[in-house]
Every structure is written in structure tokens, then in C-alpha cells.
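To start, the structure itself, in C-alpha cells.
The values are calculated or read from the model by the stated rules, or taken from the named source; none is laboratory data. In this text, all values refer to a predicted model and were calculated from it rather than measured experimentally. No Cβ is skipped: glycine too gets one built from the backbone with ideal geometry, and neighbour counts run over all protein chains shown. In case anyone asks, the SASA skips ligands and DNA or RNA and just uses the protein heavy atoms, side chains included. Shrake-Rupley method; radii C 1.70, N 1.55, O 1.52, S 1.80 Å.
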Amino acid sequence: MRAQVVIVGAGPAGLMLARLLELAGIDAVILERKSADYVLGRIRAGVLEQGTMDLMDRARAGQRMHAEGLIHQGVELSFDGDSQRIDFAALIDRHVMVYGQTEVTRDLMAARQARTIYEAEDVQLHDFDGKPFVTYRQNGLTHRIDCDFIAGCDGYHGVSRASVPAQSLTTFERIYPFGWLGVLVDQPPVAHELIYAHHARGFALCSQRSPTRSRYYVQVPADEKVENWSDARFWDELRIRLNPATAEALQTGASIEKSIAPLRSFVAEPLRFGKLFLAGDAAHIVPPTGAKGLNLAMSDVAALADALIEFFGENSAAGIDGYSAKVLSRIWKAERFSWWMTSLLHTFPETGAFGRRIQRAEFDYLAGSAAAQQSLAENYTGLPL
Ligand code: FAS
Ligand code: PHB
């Protein structure tokens, strides 16, 4: 088999890249190791930047997003009971949309016309410095796809970055001493906007998926086990960490999904190796505090799609030659913001009383400065692509 581009991974990055290439008449095939149902079963991000919304429209996959997504004009930050709303509309005339990653993935799957090979086992990348090809196993047979380029969109644990010789890659990482225990529940959201809360016992987040479905998180130790958390224990802990009025308004119920996500900051450099490009979580990881993970993956593949369209359409290598430097500049700004939001809102016992006073001062400065709020607003709603 032959394709112009082989994309490894059918998460949001792989699906969006494939769709943009398809609309440009470029033959791209996706190899995904899991089933489509498995991919759709993962509950992850919930907030879309304007740039991601625009990309969904460019992919002609945005109809349901506009019909069902919730436009949010601000978020609330609270710190030991004090609250500050960040008013995106007033500060920078921008907004975000609450629309689950699962729905984004579902819409991109539905829009795709070309080949996505699910349950492709043992994907291997070959000769991406020369004449690239990819092999995979399915139904006991080994298959080969020759191609011009390979896009590694297979996430943090994927095969693509692992296929790059260690000496060709530099990685930067910070692992946080905690994770997020998340619960999905079919109850109306506790507030009309997201609430990011700092409490001495740990961070909490009130998010949502629709007017009848909510998503909540609490910070837990990095080695915590989800089986230690009954629904009752989760709701009790969440209430403690929220302002009393919010806690009082919380509508609880049986969790329909409960999981713990570890938190890390991670960047690999560079993101191009001959005919292999890395994009999305294969290239970087951000702590979800800034709602950047999904959006950063989308901005990566927008740049990669434009570079590949330019190559195949105009026989120009300028875009692919500039891809890595271009996306890394934006990646590091998102890493900085995600690290800053995480540092402000989580508890870090190891930084002691001084660390907590610095966090309090950071919040007080933010609450008292329109400039600081404007900076948060422009980062949260998404820096220009
Ligand atoms: P993905 O990991 O989504 O997709 C990679 C795909 O490649 C997967 O389908 C995988 O099965 C496939 N794959 C892997 N190895 C393969 C191989 N060898 N062969 C073939 N296929 C292979 N971001 C937010 O903004 N907010 C959040 O709240 C949030 N919560 C998260 C919770 C968790 C548990 C995780 C892991 C991430 C979370 N993220 C969040 C970040 C997340 O949304 C990612 O940024 C987003 O999924 C990135 O998309 P992709 O780059 O497509 O990677
Ligand atoms: C979510 O709804 O899952 C969500 C929202 C905002 C974040 C992280 C996760 O910063």
C-alpha cells in the first residue's frame, strides 16, 4: 500500500491532521492501535480555544459544536474562600467554548472519508531519514505502507517519539507530586462558568460538558488509587474545597466515569526528524490546569497541515523546514501558562509557609490588577496561532 502521509494515532491531533489533508486532496492514512469505541471512551479535555473552534469549522466538522457547545465569557478563580472572576469579554473581547474532547473526536471521525485503520498492532516506523515506510500487524498479517511523510500523533506513550534515536532528541520534563481525580456526573453544573479553586487541602475544579452533565476534579497525591475513592468521599472532599455557597449548591450523583490523571510538563525538541514529524501529546504534555493540552495539539497539526499542503501543492519545503521552530515557540508559551496556573492553584507542601504566602500574594496581585487579569485571559482563551 502507498500513501502520501501516514499518521500514527487517531486521537484529536491525528484525526484533525488527516481531515485537513483530505480536504486539500492529500492522501493520508491513519493507523490507530485501539478501536474507535475505545478512543471515544476516553474522557479528557473540555475547553476549546477560538483557534480550535476555527479549525473545526475549517475541517467542516463544527456543526454540532456550534449547536451544542457552551460559549463561556469568563472563569472564576477562588483562593481560600476569596473569589475573582476573569471576564474574558470585557478584558480582551474573546471567549472559549465548553465542548468535550470526546465530542470533538466523534465529529472528526464522522467527517473523515478516507482510511483509518483501527486496531493496528505493533506499528513500526522505518527509514524516516530516507524513504519512509510504516509496518503494522492486523489479523496476524504484517502490512507495509510506503509514504512520503510520517506524522507521529500517537500521544505521550506512542511509538513515534520512541522511534527517534535518543541522541537526536532533547526532552524537558517536570513531574508534579500530585494528580487529578476526575468525576463525570449527570447533574447540572454547580455554576454557569468554570471554577478553579485553591484550598489548603488541595486544588479543585468545577467544569461541565452540557447543561445536564458536569465534570469535577480534586487534586490527589501522585500515588493515589481511584479505588480508594467512593463517590461519597469524592463529593465530601469537593465540598470542603469549594466556597460554602458553591458547596451548598452542588448537585451530586453516581459517577459515570472516575479516573486519576497524572500531571507533568514535558517537551521534546526538535519535532522533525527527516520525514517524521511529531505533533500533539507525542511532542508535549501540559498539566490540564490551563486547558491547553487538546488546544495545543490542534495548533500543532494546523501548522503541520499547512506545511504539508504547501509542500505537495507548491513543491516548497519552507513550511516543513520551519515547522519545528514555529510550533515550539507556541508550545513553550502554553507550557509556561499551564505551569503558572498549576503553581498558583495547587498545594505544594514541600514549599512550606513561604510558598503559600507567595501563592496568596500572586492571587491578591491578580485580583487587584486588570493587566494581570488581561494576561491570564489572553493565555487562557488562546494565543494567536
Ligand atoms: P492522544 O493521546 O489523545 O491520542 C493518541 C492516539 O494514538 C491514541 O488514540 C492512542 O491509542 C494512539 N496510539 C498510541 N500509541 C500508538 C501506537 N503505537 N500505534 C498506533 N496508535 C497509537 N487536556 C486538556 O486540555 N484538559 C484536560 O482536562 C485533559 N485531561 C486529560 C486527562 C488524561 C488522562 C490525559 C492522558 C490527557 C488529558 N488532557 C487534557 C490532554 C489531552 O486532552 C491531550 O492533550 C489530547 O488528547 C492530545 O491529543 P493527541 O495528541 O491526539 O493524543
Ligand atoms: C474539563 O472540563 O475536563 C477541564 C476543563 C478545564 C481544565 C481542565 C479540564 O483546565
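Would you point out the residue of the range 303-315, among those that are open to solvent by 10 Å² or more (accessible area, probe 1.4 Å) and touching a helix residue (DSSP H, G or I) at 6+ places or on another chain (Cβ under 8 Å), that is nearest to ligand 1 (Cβ to nearest atom)? Step by step, filter the range 303-315, then rank; the result is Ala303. Condition check for Glu76 on (1) acidic (Asp, Glu); (2) closer than 24 Å to Arg44 by Cα; (3) within 16 Å of ligand 1 (Cβ to nearest atom): one failure, at (3). Restricting attention to the range 1-47, the residues being within 16 Å of ligand 2 (Cβ to nearest atom) and either β-branched (Val, Ile, Thr) or more than 20 Å from Glu257 (Cβ to Cβ) (or both) number 2. If I filter the range 209-240 down to residues being assigned to a strand (DSSP E or B) and open to solvent by less than 10 Å² (accessible area, probe 1.4 Å), which single residue comes out as nearest to ligand 2 (Cβ to nearest atom)? Within the range 209-240, the match that is nearest to ligand 2 (Cβ to nearest atom) is Arg215.
Within the range 143-190, the set of residues being hydroxyl-bearing (Ser, Thr, Tyr) and either surrounded by 15 or more Cβ atoms within 10 Å (Cβ to Cβ) or within 14 Å of ligand 1 (Cβ to nearest atom) (or both) comprises Tyr156, Ser160, Ser163, Tyr176. The set of residues from the range 264-280 being out of contact with any His (no Cβ under 8 Å at 6 or more places or on another chain) and open to solvent by less than 40 Å² (accessible area, probe 1.4 Å) comprises Ser265, Leu271, Phe273, Gly274, Leu276, Phe277, Leu278, Ala279, Gly280. Consider the range 365-385 and keep the residues that are without any contact (Cβ under 8 Å) to a residue 12 or more places away in the chain and in a helix (DSSP H, G or I). The one that is nearest to Phe88 (Cα to Cα) is Ser375. Phe348 meets the conditions (1) within 29 Å of Arg272 (Cβ to Cβ); (2) open to solvent by 20 Å² or more (accessible area, probe 1.4 Å); (3) of a type in the set (Phe, Trp, Tyr); (4) in contact with a helix residue (DSSP H, G or I) (Cβ under 6 Å, 6 or more places away or on another chain) in every case but one. The failed one is (1).
Okay, residues lined up against (1) modelled with pLDDT under 95; (2) open to solvent by 10 Å² or more (accessible area, probe 1.4 Å); (3) within 16 Å of ligand 1 (Cβ to nearest atom); (4) outside the structural domain of His198 (by TED's automatic domain parsing):
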{"site": "Gly290", "(1), (2), (3), (4)": "no, no, yes, yes"}
{"site": "Ser299", "(1), (2), (3), (4)": "no, yes, yes, yes"}
{"site": "Tyr323", "(1), (2), (3), (4)": "no, no, yes, yes"}
{"site": "Ser338", "(1), (2), (3), (4)": "no, no, yes, yes"}
{"site": "Tyr365", "(1), (2), (3), (4)": "no, yes, no, no"}
{"site": "Ala370", "(1), (2), (3), (4)": "no, yes, no, no"}
{"site": "Ala377", "(1), (2), (3), (4)": "no, no, no, no"}
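Only one of the listed residues (Ala261, Ala283) is in contact with a helix residue (DSSP H, G or I) (Cβ under 9 Å, 6 or more places away or on another chain) and surrounded by 23 or more Cβ atoms within 10 Å (Cβ to Cβ). That residue is Ala283.
Here Ala279 fulfils each of the conditions (1) touching a Leu at 6+ places or on another chain (Cβ under 6 Å); (2) more than 28 Å from Ala13 (Cα to Cα); (3) in contact (Cβ under 8 Å) with a residue 60 or more places away in the chain apart from (2).
Can we say Ser265 is hydroxyl-bearing (Ser, Thr, Tyr) and in a strand (DSSP E or B)? Answer is yes for this residue.
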